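To keep things clear, I will list the structure first and then write my remarks on it.
The values are calculated or read from the model by the stated rules, or taken from the named source; none is laboratory data. The structure presented is a predicted model; accordingly, all values stated were derived computationally and were not measured. A quick note on method: Cβ atoms are made from the backbone with ideal geometry, for glycine too, and the neighbour counts reach across all protein chains shown.
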Amino acid sequence: MLCDGPYNPGMSCHADATDTRPSAIFLMGPTATGKTALACALATRFPVELVSVDSALVYRGLDVGAAKPDAETLRRHPHALIDIRDPSEPYSAAMFREDALAAMQAITARGHAPLLVGGTGLYFRALERGLSAMPPADAGCANACARKPNAKAGRRCTRASRNSIPRLPRGSVPMTPSASSVRWKRSSFRATRSPRCTRVCGTPGACRTGY
């Protein structure tokens, strides 16, 4: 069986493939558990360089509420992949994987070990296990499948209305059974992901929705 996409040890077609990724240390856990302090202590004692694994810290300006290391900490112990995007720019697990592998290669070339520290489990998962081959995002398709508010004019915005997910426009492509199940009904992004993938791939269910 032939496989497209990055190395994924969980796929049978990659079982005998050689993993060319640099060796790295993962330091993961919830926010405010001392990961940064421990990572900095390790960087002081051992030849390691730090790589941030945090979906909020990639954005510039999100210093409050994201537990971003302060300027002095970052001066003494630089972290790769912090402040690399503006908040208006999209960033995905696939982008992180590509950026992290590049940072790891550079660190290894300098004779150091990459120490990846953070709390975004999906990013760690993408780096460790790889991602399925997927078509690139299509802004036009996303707009076509976007859901539109169904609130009456002048109705006050309550928590229920903010969290409600309106119906898809008529003529949208069918959703896969998993995408239309109850567990998807509270997430507009996930609920529209199936029709977006179907439009791009041309086949219902071509992109799995079971994450």
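Table for the structure above
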item	result
Any hit, the stretch 24-47, residues being of a type in the set (Phe, Trp, Tyr), under 20 Å from residue 131 (Cβ atoms) and modelled with pLDDT of 95 or more	yes
Residue within the stretch 1-22 that is surrounded by 15 or more Cβ atoms within 10 Å (Cβ to Cβ) and at pLDDT 95 or above present	no
Residue check for residue 147: at pLDDT below 90, buried (at least 16 other Cβ atoms within 10 Å of the Cβ) and outside any strand (DSSP E or B)	yes
The stretch 44-86, residues that are surrounded by 15 or more Cβ atoms within 10 Å (Cβ to Cβ), β-branched (Val, Ile, Thr) and in a loop (DSSP other than H, G, I, E, B)	58, 82, 84
Single residue of 93, 80 found to be over 21 Å from residue 37 (Cβ atoms) and assigned by TED's automatic domain parsing to the domain that holds residue 117	93
Of all residues making up the stretch 87-102, the number that are small (Gly, Ala, Ser), within 16 Å of the chain's Cα centre (by Cα) and surrounded by fewer than 15 Cβ atoms within 10 Å (Cβ to Cβ)	1
First in the stretch 98-109 and at negative phi and not assigned by TED's automatic domain parsing to the domain that holds residue 81, second anywhere and part of a helix (DSSP H, G or I) and crowded, with 18+ Cβ neighbours inside 10 Å, Cβ under 8 Å, 6 or more apart	none
